[in-house]
Amino acid sequence: MKAFALRRAGELGFCLAGVAPAAGPEPDGEALRRWVAGGLHASMAYMAEHLDQRCDVRASTPGVRSVLCLAAGYAPAGGGETGPVARFARGRDYHRVLKARAHRLADELRELAGPDARSRTCVDSAPVLERAYARLAGLGWIGRNTCLTNARWGSYLVLCEILLDFELPPDAPVAEGCGDCRRCIDACPTGALRDGRVLDARRCINWATVEEPGPLGDQPATLAGQLLGCDLCQAVCPHNQAVPEGLDELARPGPLVERASVLAVLDWSWADWDAATRGSTARRASWAMWVRNACRVAGEGRLAEARPALARLGASEDPVVRGAAREALARLGG
């Protein structure tokens, strides 16, 4: 059964697959509790909810005995360059892509296991410590940038899980592969990464541009030119410099988001945003968040050519956009 599961996972487009026991992944659970208690989850209130379920899938899905962990890569071969839109948001919505694949695999496994077999597929749809379970399943280790990292496939990975009420032999965790490298910590322009594999989301560009819908205030200190998400800590990782050829469809960027620029986004109407983000993970950020981010980048970069658009947006009916545009104009001296 396990051999079939791993083989079919590869055939369905997953680059990594492994099995973890359903028992809670400690000490990862305790680390999560400390992270939340310290307020490091910023405005992501959902991370503080259902902690018992996050730390042990048996609490949310009784009867689970094994967790089939799956990963798909989304980086172009050879590493590629960073850009103002993070790679996870450039291509197709990974939630839809992975869910379709995982559902098919789960259906086939239940058919083999028998009529009473049950499963649950999770693609950001349930409180699961997916990186911790993936680590237990041998898919990789947790890097200093807090990303699951694999020696062959790097850290540009999206994860999902199939919770099974029958047992598959578990895999063993792999050795940690960061050594004494600190490139990711040193590359973070806002100091969001701490020693001990801790991320302070309050300082993270990805949190600010993707997760926070309101005014950004003083944190993070800079967006470093990023319109949506941030790859800076992953781009410098040695394990992301030689990703194998023939990667997933998730690595193919959409034409509009790929060409997003500060001036273009400042001129986006809601219809432009809709066209640019339809079917993409980039849609996680609303029109107002995209435009707010562009205002912030324009102000930080002292882009004088953005002044007409900022002046127009300074009268926007959306209070977040209006405030961001006026802050940017103040930086430009007007």
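Order the peptides 188-199, 319-330 from the highest to the lowest mean number of other Cβ atoms within 10 Å of their residues.
319-330, 188-199
Ignoring any ligand, DNA or RNA, what whole percent of the accessible area of the chain comes from carbon and sulfur when the probe is 1.4 angstrom?
Here carbon and sulfur together make up 52 percent of the probe-accessible area.
Which net charge results when you count Lys and Arg as +1 and Asp and Glu as -1 among the other residues whose beta-carbon is under 9 Å from that of A117?
Local net charge: -1.
Roll a 1.4 Å probe over the protein chains and send me the accessible area per residue for the chain in Å².
44 Å²
Contact order normalised by length for the chain, with contacts defined as Cα pairs under 8 Å and 6 or more residues apart; what percent is it?
With pairs under 8 Å counted, the relative contact order is 22 percent.
List the GluC sites (Glu not before Pro) in segment 230-279 that DSSP assigns to loop (not H, G, I, E or B) and whose Cβ has at most 11 other Cβ atoms within 10 Å. Which are they?
Of the GluC sites (Glu not before Pro), the ones in loops of segment 230-279 whose Cβ has at most 11 other Cβ atoms within 10 Å are E245.
How large is the Kirkwood hydrodynamic radius of segment 191-301, counting all unique pairs of alpha carbons, in Å?
15.3 Å
Just order 47-57, 165-175, 125-135 by mean Cβ neighbour count inside 10 Å, highest at the front, would you?
Final packing ranking: 125-135, 47-57, 165-175.
Per 5 Å bin, what is the whole-percent P(r) computed from every C-alpha pair distance within segment 241-300?
Histogram of Cα-Cα distances, whole percents per bin: 4, 17, 26, 20, 13, 9, 8, 3.
Net charge within 13 Å of A221 by Cβ-Cβ distance, Lys/Arg positive one each and Asp/Glu negative one each, not counting A221 itself?
0
Please compute the modelled spin-label separation between A315 and Q241, points set 7 Å along Cα→Cβ, answer in nm with one decimal.
Each label point lies 7 Å from its Cα, and together they span 5.3 nm.
Once Lys and Arg get +1 and Asp and Glu get -1 on their Cβ, which of A100, T82, A59 lies farthest toward the positive end of the dipole of segment 10-164?
Highest projection toward the positive end goes to T82.
Can you give the net charge of the other residues whose Cβ lies under 11 Å from the Cβ of D56, counting K and R as +1 and D and E as -1?
Surrounding charge for D56 is -1.
The values are calculated or read from the model by the stated rules, or taken from the named source; none is laboratory data. Predicted model only: the values in this text are computed from it and were never measured. Virtual Cβ from ideal backbone geometry, glycine too; neighbours counted across all protein chains shown. With ligands, DNA and RNA removed, areas are computed over all heavy atoms of the protein, side chains included. Shrake-Rupley method; radii C 1.70, N 1.55, O 1.52, S 1.80 Å.
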